[in-house]
Amino acid sequence: MKYIPNDDGNFELWQVNFVAKVTATPAAYGLAPADVVDVATLSSDWQTALAAQVVAQDAAIAATQGKELARRNLELEIRNLAQRIQIRKATTDAQRGELGITIPDTNPTPSNPEYVIGLTPPVLVLDWSIPNEVKVHFGVNPTNEKRNAKPAGIAGAKIWYRVESGPWVYVADDTNSPYLHCLTVTEPQNVEYKAQWFDKKSRTGQFGESARCTITPK
């Protein structure tokens, strides 16, 4: 029935009013008390289920936020240790390989200035599960960071964004996907991202397809 609201919040307000009135004075609506017993019971069942769903949803949001915070803290510590290992003179490429960290590129950057222009632009996949944050995965295979190595001779990607249909704004150069973009909004906003490769001589490639999401305030 179209007069019944679709979303749970408005439905809850609507059904409380409806059930309260027909159960308080059923005769006024041509009903007997026995006619409204079921609707009163079902209304109670609905409210119990709604409360349980809200608790579960809040718990899921809290768990996701806790996971993201734990990962960020772990990544920061890993990067700290990896940097110390990298600059240690005795560290070998074999050790770097077994740890899965960057092995210095001994191949020279392609000298052809058209090289980066001819590359397929980075693909973008966005994660906006945390309010006021967007994790921008970029690369040739951004859905699987373990298989998302940059093309040969490429240093990283330049990240750009815009809010709604506003002007494009440069965000940052990032050498390792994903890039974490923190924003501050007071209401839901549509945000769009695009990216382009840059090589080790800071020459830039073409932009790929943009990706959009809707971020929410905390």
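From Cα pairs below 8 angstrom and at least 6 apart in sequence, can you work out the relative contact order of the chain, rounded to a whole percent? Don't jump to the answer; show the numbers that get you there.
Values: 287 pairs, mean separation 35.9, N = 218.
Over the chain, the number comes to 16 percent.
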Here Rg/Rh (Cα, Kirkwood) for the chain equals 1.22
Residues of the range 45-84 with amide N under 11 Å of a point placed 7 Å along Cα→Cβ from residue 129
60-69
Considering the chain as a Gaussian network with a 10 Å cut-off on Cα pairs, which listed residue, 35, 58, 174, attains the greatest mean-square fluctuation?
35
Fully extended, how many nm does the chain gain between residue 60 and residue 206 (0.36 nm per residue separation, minus their Cα-Cα distance)?
48.7 nm
With all distinct Cα pairs included, what does the Kirkwood hydrodynamic radius of the range 52-110 come out to in Å, to one decimal, could you say?
14.6
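Values quoted throughout were computed directly from the atomic coordinates according to the rules given, and no laboratory measurement underlies them. A quick note: this is a predicted structure, and the numbers were derived from the prediction, not measured. In this analysis, Cβ positions are derived from the backbone assuming ideal geometry, glycine residues included, and neighbour counts consider all displayed protein chains.
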